[in-house]
Amino acid sequence: MRLSLRARLIAGYLVLVAVVGGATLWMINRTVTAAVVGALEARLEAQAQGVAQWLDDAGHPERLAPKLARVVAARVTIVGADGRVEGDSEDRAHVGRPVGLAPEVAAARRGEVGRGRRALAPDGPPLYLVAVPTRDGGAVRIAVPLAAVDQARADVRDRMILAAVIGLGAALLLGLGAIRAVTRPLQAMTLVAERLARGDYDVPAPAPAAPGDDELALLSRTLAQLAAELRARIGELTAERDLSAAVVEGLVEGVVAVDRAGRVVLANRAAAVLLGEPPAVPEALAAEVAAARGGAERDAELVIAGRAVRVTARPLAATGGAIAVLYDVTQLRALDRVRREFLASAAHELRTPVTAISGYAETLLGGQVDDAARAEFLATIHRNAARIAALVNDLLVLERLEARPERLGAREPVALAAVVADAAATARAAHPAARLTIDVADDAIALADRDGLDHVAQNLIDNAVLHGGGVARVTARRAGRRVVLSVADDGPGIAPEHHERIFERFFRVDVGRARSKGGSGLGLAIVRQQTLAMGGAIRVDSAPGQGTTFTVELDAA
């Protein structure tokens, strides 16, 4: 069982007091007992000497023994030089008989002081015996019951035990007070240390210094000051860590840190998108990271999870690991590809009319053409110039739409019946053989910009007529809070892989067929931007040989 410091101090103090008190009590008991016994022996010896003097002066030991026994309050036995009892204060029947085996008497007859402890009768009490020599070679023996000696010793022992108990109690109270005074600040400091170990640095402020403060008070104040200093430093470090973590987590670039063994120890959200959850170093990135862990600086462009990623890997000398920054350049590469395709398509679209205009203009400048040819050449120049103007106008419209992601103009209720009717009339005028089927509900009223919606409907119907075999089916219905406009044709259809790209500038599934029919590749791009500008959405449903359906959804009025 784990004991507290206070309990161990109290236990140790009790053991110490008990050992020291017991040893002291034992030594005092022996000393006092020896002193009591010594005083008793001295008294008995003095009494025996007095009895011997009385006997020398008075004689008649048989009568003198009882009288002297009353004086000394002890049994008095007088032994003659021949070893016979001459007087006994308690048993006169022994007078005239040999004293028998009595070591103390034998010692007295030799001129010494004899002492002994024994009973003088088989059934008698134990006695303490002192014998002294007389002038005539006899002996005087004084006997007192040992019970008296034991009682004196018991009285002294009882008094000593009572004093020891009182002293032990007083020592215990004083010791507990002293231990409490020592352990109380230690317990307070222990609680403070435990709170610091748990990360709780909000401890009470240190008490002000006082003149009588000891080392424990100084230590307590120092610990409290240390806690306050730690709280301040931990707060600063936490704020710096949170700021660094927020900055790393907010980066659009992926950041991955690995340890000496190549395990991922840090990855922000952008890296997790590329590397998965939980983040792991893919095989394509492993070589770059391994080289960086070896101390090299690496820069490379890799394909990770199907995306083009620019990787910059640097070693971390402090940990033996490495850090890699991942730049997702997929969109940049796609934009670069679109830019190249756009420049190539725009140049190609402009080159044909510009070449025609330049050629016919040179011929006209030569002056070797008749009036009929001149009129034909001028018409061709005008037609190609109009083609260039339409292309440039479409580019400007598309740029204006893409430059402003917010809605262009205020939306207002627009009836799709009127919009579709106008677009169908324009399509029939341009293509008399076109077969158009119109089915527009009366409640198909959208929140839109009229000009933008005219542009969307006209482009979709014109595309259906041009590329759908001259057949177009136009429907419009209200669906909850949305209005749905659909334009379908019976054309060759569009493969699924081209569904997203047909809304890009200049992209055409069949370039030769589209160019031969006058398409510029900008119509659907403008349709999508117009739809987005009005808060709507557009999608295409098509498959090779099954025709194509374009669906536009707008908010209902």
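Side notes on the structure shown:
- Residue among Val144, Val140, Val130 that alone is assigned to a strand (DSSP E or B), touching a Phe, Trp or Tyr at 6+ places or on another chain (Cβ under 8 Å) and of a type outside the set (Phe, Trp, Tyr): Val144
- Listed by first and then second residue, the pairs linking a residue in region 364-381 that is more than 20 Å from Pro353 (Cα to Cα) to a residue that is surrounded by 11 or more Cβ atoms within 10 Å (Cβ to Cβ) and among the β-branched types (Val, Ile, Thr), with Cβ atoms under 9 Å apart and 6 or more places separating them unless they lie on different chains, are Val369/Thr363.
- Test: residue in region 46-54 that is free of Cβ contacts under 8 Å to residues at least 60 places away in the same chain, assigned by TED's automatic domain parsing to the domain that holds Leu120 and either under 30 Å from Leu174 (Cβ atoms) or not in a helix (DSSP H, G or I) (or both): no
- Flag: Ile438 does not match the condition of being in contact with a helix residue (DSSP H, G or I) (Cβ under 8 Å, 6 or more places away or on another chain) and modelled with pLDDT under 85.
- Of residues in region 521-537 being crowded, with 20+ Cβ neighbours inside 10 Å and not in a helix (DSSP H, G or I), the one modelled with the lowest pLDDT: Gly521
- Filtering Ile179, Ile161 for residues that are touching a residue at least 40 places away in the same chain (Cβ under 8 Å) and either assigned by TED's automatic domain parsing to the domain that holds Thr24 or loosely packed, with under 14 Cβ neighbours inside 10 Å (or both) leaves a single hit, Ile161.
- Filtered residues of region 227-262 (kept if farther than 30 Å from Pro282 by Cα, in contact (Cβ under 8 Å) with a residue 24 or more places away in the chain and of a type in the set (A, V, I, L, M)): Ala227, Ala228, Leu230, Ile234
- Residue match in region 315-322 (condition: modelled with pLDDT of 85 or more, within 24 Å of the chain's Cα centre (by Cα) and of a type outside the set (Ser, Thr, Tyr)): yes
- Qualifying residue in region 152-164 (condition: at pLDDT 85 or above, of a type in the set (A, V, I, L, M, F, W, C), under 30 Å from Leu14 (Cα atoms) and under 60 Å from the mean Cα position of the chain (by Cα)): no
- Conditions (1) over 30 Å from Leu266 (Cβ atoms); (2) without any contact (Cβ under 8 Å) to a residue 24 or more places away in the chain; number of the one not met by Val338: (2)
- Segments classed as strands (runs of 3 or more DSSP E), wholly inside region 287-378, with at least 1 members that are of a type in the set (Lys, Arg): 298-304, 307-316
- So Arg184, is it modelled with pLDDT under 75, surrounded by fewer than 16 Cβ atoms within 10 Å (Cβ to Cβ) and outside the structural domain of Val20 (by TED's automatic domain parsing): yes
- In region 313-364, the residues that are under 30 Å from Ala379 (Cβ atoms) and of a type in the set (S, T, N, Q): Ser345, Thr352, Thr355, Ser358, Thr363
- Taking each residue of region 290-304 that is within 11 Å of Leu326 (Cα to Cα) and looking for partners that are in a loop (DSSP other than H, G, I, E, B) with beta-carbon atoms closer than 8 Å, six or more apart or interchain, yields Glu301/Val329; Ile304/Pro282.
- Close contacts from region 106-124, counting a first residue that is more than 10 Å from Ala143 (Cβ to Cβ) and acidic (Asp, Glu) and a second that is at pLDDT 85 or above and assigned to a loop (DSSP other than H, G, I, E, B), with Cβ to Cβ under 8 Å and a gap of 6+ residues or different chains, come to none at all.
- All positions within region 223-259 that are more than 30 Å from Gln331 (Cα to Cα) and either touching a His at 6+ places or on another chain (Cβ under 9 Å) or surrounded by fewer than 12 Cβ atoms within 10 Å (Cβ to Cβ) (or both): Glu229, Ala232, Arg233, Gly235, Glu236, Leu237, Thr238, Ala239, Glu240, Arg241, Asp242
The values are calculated or read from the model by the stated rules, or taken from the named source; none is laboratory data. The structure displayed is predicted, hence computed values, not measured ones. Here the Cβ is made from the backbone with ideal geometry for all residues, glycine too, and neighbour counts use every protein chain on show.
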